[in-house]
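One structure is given here, and the rest of the page talks about it.
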Amino acid sequence: MIPLKDMVPAAANNINTRFIILDKGKITLEGESKACLALVADETAAVHFQFWGEECDAFELGDIVCLVNGIFSYNRHNLVLRAGRRGKIEKVGEFTMVYVETPNLSEIRWVPDPNNSKNYVQESVLSPYSRIFPPLP
């Protein structure tokens, strides 16, 4: 299991991690499939998570989720963590997990590494917290 803060964007299903669901957006239709964006976090960072299809209804706020073979990549110009076609998500608990809401990895601008174009490096922070799910005042 890797902490969220150690993820970098890639086109490979190799993310194995655990997180808690902090907030969920509305369910929308993308083509014929349901989609739902959520704010998730662990003790090191937060990130936006994309649920697809049945996943949208299967998970609730406060659920602790284990992701196996997930992918952290761009989907419609948004950087999101998701299970993808080869990944699997499973509820493993609820409510009792230490987490932080900053940094939010989806709010970081990533650029190709000048030394290795297959890797990405952080260029700048767009926002210290989620602009989709802003913190309560």
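The values are calculated or read from the model by the stated rules, or taken from the named source; none is laboratory data. Fair warning: this is a prediction, and the values are worked out from it, not measured in the lab. Cβ placement follows ideal geometry from the backbone for every residue including glycine, while neighbour counts extend to all protein chains displayed. For accessibility, only protein heavy atoms count, side chains too; no ligands or nucleic acids. Shrake-Rupley method; radii C 1.70, N 1.55, O 1.52, S 1.80 Å.
Of all residues in segment 53-80, count the ones that are out of contact with any helix residue (DSSP H, G or I) (no Cβ under 8 Å at 6 or more places or on another chain), in contact (Cβ under 8 Å) with a residue 40 or more places away in the chain and assigned to a strand (DSSP E or B). Residues that pass the stated criteria total 11.
Out of (1) of a type outside the set (D, E, K, R); (2) under 17 Å from Arg18 (Cα atoms); (3) touching a Lys or Arg at 6+ places or on another chain (Cβ under 6 Å); (4) open to solvent by 20 Å² or more (accessible area, probe 1.4 Å), what's the single condition that is false for Val100? Val100 satisfies every listed condition except (3). Annotation note: of Val92, Val47, Val40, Val125, the sole residue that is open to solvent by 60 Å² or more (accessible area, probe 1.4 Å) and either within 14 Å of Thr17 (Cβ to Cβ) or in contact with a Gly (Cβ under 7 Å, 6 or more places away or on another chain) (or both) is Val92. Leu39: of a type in the set (A, V, I, L, M, F, W, C), under 19 Å from Lys5 (Cβ atoms) and at pLDDT below 85, yes or no? So Leu39 fails the test.
Residue pairs whose Cβ atoms lie under 8 Å apart, separated by 6 or more positions or on different chains, with the first residue in segment 105-116 and assigned to a strand (DSSP E or B) and the second surrounded by 11 or more Cβ atoms within 10 Å (Cβ to Cβ) and of a type in the set (Ser, Thr, Tyr), are Trp110/Tyr120; Val111/Tyr120; Pro112/Tyr120; Asp113/Tyr120.
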